[in-house]
1. Might you let me know whether the stretch 77-89 holds any residue that is touching a residue at least 40 places away in the same chain (Cβ under 8 Å) and outside any loop (DSSP other than H, G, I, E, B)?
2. Tally the residues that are in a helix (DSSP H, G or I) and within 13 Å of Phe41 (Cβ to Cβ), restricting the search to the stretch 60-76.
3. Kindly provide the set of residues from the stretch 60-81 that are under 19 Å from Ala36 (Cα atoms) and among the aliphatic types (A, V, I, L, M), ordered by number.
Amino acid sequence: MSIFMKNFILLLLNVVLYFYSAFILAKSPKLLTSPAPNVFFDRYICADRIKGVSASLTEKYLGKIKAKRLLSQGSFDKTAFTFDNGVFVT
């Protein structure tokens, strides 16, 4: 196999993998939503800028099941947490 052919195959593979990864990332719904000023939520928790993670906001925007799941975590520092998309808040 010639050098040209090897380079062509590598280039083609890189292009395919690049577009595949872009497609997968675009498909992932991991954006934060802000329904009100200073309030953010992902798929699991809601938090405000002052108090941090909030069970009442989680229930309001995500439902009772998500709020119960949050409350079942026990006692934790509600001002330091990581959203689903990897954003760490302190």
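Only the coordinates and a few stated rules stand behind these numbers; no lab work does. These figures come from a predicted structure and were not determined experimentally. Counting neighbours? That spans all protein chains shown, and the Cβs are built from the backbone with ideal geometry, glycine included.
1. yes
2. 6
3. Within the stretch 60-81, Leu62, Ala67 qualify.
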